[in-house]
Structures are given as C-alpha cells and as structure tokens.
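The values are calculated or read from the model by the stated rules, or taken from the named source; none is laboratory data. Here the structure is a predicted model, which means the values were calculated and not measured. Cβ: placed from backbone, ideal geometry, glycine included. Neighbour counts: every protein chain shown.
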C-alpha cells in the first residue's frame, strides 16, 4: 500500500505484545510542506493517514504529503545522519534503536472497526529490502519516514549538515558554482586560440541524494532536455564566448580551439539551477599561437 522500510540488522528481533499496557500513539506528522500536525495516530489505509487531533476532529492526510511521523520527539532535534538515511526508501526507527529500511506494506488494527478500541493491538507491517516481512507493534515505533526525506526540511527538524570537506582549491582556479547561469572568467580569447581547462569538483543537480555530476557530467548518465546543451550530459562543464552558442568542455584537458572571439564564460549544463549545490574549480591555461 505504501513504501517504507529500513536497514535490517542481523540482531533485529520483532517483539509483539499481545495487549499493550499503555497506548503510546500520540504522534507529530511532518508534511512535505513543512507543516506539523499533532494528535493520536489511528491508521493508514487507502493512501490516507488518519490522525485524531481532537474528539471532534479527525484529519485524513494524503500519504503522498507526509514526510515523517514522529512518536517520540515532535520531529525536532533529529540527527543529520538519520535524515540522510531516509533520503531513499522508507525508514522505520524503533524505540530500542533498531531500524528497518524498505517498504511499508500496511497498518493493521485489531478489531478492524472504524475506530480503534482503547488498548487494541495496532501492527505496522514492513517489508525489508531483503524481502523479509516484519510485523511490529505500533508501541515499538519511534519514527516512520515516508521515503526521500526532503533536504528542505533538514533545518525544520534541526538536522545540521557537517561542514563539507572540500579538497584544496587549485591555485589560480576559477570557481564555477552549480546554481548560477554563467561565471565570467575575465578572460578575452581570440577565435582559433588554444585554451585548456583542468576541472575538478562535484555538483548536485536536484534534491535527490544521488543526482550528482562531475565535470564530465551526470554520474547516472542522464541528460536534460531543458539544458543549454540538451544532447550533452546534465551537469557537465561548458563554456561560452560572448553571446555565442555554448560549447562542451567536460573533464577533457586537451587544449581546445576557441570557436569565436570575445569574453569567456563558464557554466554548468542544467535546465533548472535553483536547487543545485556544489561547484567546479577550473584551471585555465592559454597557449601561444602556433607558427
């Protein structure tokens, strides 16, 4: 019915309580919009999450809008390593510290009525990535992530990204951020002049954790029909002289003959730049004309 699961530990043991003594079903639901809704978790069925906000107010929230259901911390003070693990498949965290990654299959309520009877057993059914099915008492659940946790919500939950460890920038390199259209190198070239580009670094082309590119382009081999060079790999390094058409550079270091005369610009080949991050460092070398 849904997708959710986590990394299954070899020591993972499913413990089912026949009759929970204390119902611990108060939860905070974090929506992908950043909104929080708190109440008593009741059920998930027909792609809707049922949350009892008050006696007279039952919310029915589309599962597609849900990023996280938190039974222990109100979706605050969460570690960056945890939300990083939740970027892909659904993630189930248990109160004893174990986790399962994979796909949420169902939520089953004892009795099957429209209203969960006080003290009735509620089970979460997960299928792990290795195909193993786990049936977990809801009282054992700490947090439930509904896959591809948005980076835009990291600050909302207090997840602080560790300082990036970038290699030293080569001396004299020009920095090309992935989220700007063009970088003016300050260099004026002549048509036919030979110029070499030695590029390094990595950029991220969207909110997806694996949508990465080096100077040669997308590491998954994808192209972007909306990019300035739609037939070249998305994220690849490209150049432009004045207002002329862009030309591909990539990770090649062989000197290129400049296709026109004018000011040289560098950019990242992507159709939508606002969600990009990272940068390339490019060392440019000009060669004397051959005689």
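Which residues, taken from region 247-261, are over 14 Å from residue 185 (Cβ atoms) and in a loop (DSSP other than H, G, I, E, B)?
250, 251, 252, 253, 254, 255, 259, 260, 261
Any idea which of (1) outside any strand (DSSP E or B); (2) farther than 21 Å from residue 171 by Cα; (3) modelled with pLDDT of 95 or more is the one residue 206 doesn't satisfy?
If we test residue 206 against (1) outside any strand (DSSP E or B); (2) farther than 21 Å from residue 171 by Cα; (3) modelled with pLDDT of 95 or more, just (3) comes out false.
Report yes if some residue within region 227-237 is within 22 Å of residue 172 (Cα to Cα), over 35 Å from the mean Cα position of the chain (by Cα) and in contact (Cβ under 8 Å) with a residue 12 or more places away in the chain; otherwise report no.
As a first pass, look at region 227-237 and keep what is within 22 Å of residue 172 (Cα to Cα): 236-237.
Then keep just the ones that are over 35 Å from the mean Cα position of the chain (by Cα); that gives none.
Checking region 227-237: not a single residue is within 22 Å of residue 172 (Cα to Cα), over 35 Å from the mean Cα position of the chain (by Cα) and in contact (Cβ under 8 Å) with a residue 12 or more places away in the chain.
Would you confirm whether or not region 155-163 contains a residue that is farther than 26 Å from residue 71 by Cβ and surrounded by 19 or more Cβ atoms within 10 Å (Cβ to Cβ)?
No, there is no match, as no residue in region 155-163 is farther than 26 Å from residue 71 by Cβ and surrounded by 19 or more Cβ atoms within 10 Å (Cβ to Cβ).
Taking residue 30, is it within 21 Å of residue 90 (Cβ to Cβ), assigned by TED's automatic domain parsing to the domain that holds residue 143 and at pLDDT 95 or above?
Considered against the rule, which asks whether it is within 21 Å of residue 90 (Cβ to Cβ), assigned by TED's automatic domain parsing to the domain that holds residue 143 and at pLDDT 95 or above, residue 30 comes out as yes.
Which residue is farthest from the chain's Cα centre (by Cα), if the candidates are limited to region 267-283 and must be crowded, with 19+ Cβ neighbours inside 10 Å and part of a strand (DSSP E or B)? Break it down stepwise before answering.
Let us first name the residues in region 267-283 that are crowded, with 19+ Cβ neighbours inside 10 Å, namely 267-270, 276, 278-282.
Narrowing further to those that are part of a strand (DSSP E or B): 267-268, 278-282.
Details: 267: 23, 268: 20, 278: 14, 279: 18, 280: 21, 281: 24, 282: 27 Å.
Among residues in region 267-283 that are crowded, with 19+ Cβ neighbours inside 10 Å and part of a strand (DSSP E or B), the one farthest from the chain's Cα centre (by Cα) is 282.
If I filter region 182-203 down to residues being in contact with a strand residue (DSSP E or B) (Cβ under 6 Å, 6 or more places away or on another chain) and part of a loop (DSSP other than H, G, I, E, B), which single residue comes out as surrounded by the fewest Cβ atoms within 10 Å (Cβ to Cβ)?
My answer is 192.
So which residues in region 141-165 are touching a residue at least 24 places away in the same chain (Cβ under 8 Å) and part of a loop (DSSP other than H, G, I, E, B)?
146, 147, 148, 149, 150, 158, 159, 160, 161, 162
I'd like to check something: does region 52-68 contain any residue that is part of a strand (DSSP E or B) and either on the phi > 0 side of the Ramachandran plot or touching a helix residue (DSSP H, G or I) at 6+ places or on another chain (Cβ under 7 Å) (or both)?
Filtering region 52-68 for residues part of a strand (DSSP E or B) gives 52-54, 57-62, 66-68.
Within this subset, residues satisfying the condition of being either on the phi > 0 side of the Ramachandran plot or touching a helix residue (DSSP H, G or I) at 6+ places or on another chain (Cβ under 7 Å) (or both) are 67.
Yes, the conditions are met somewhere in region 52-68.
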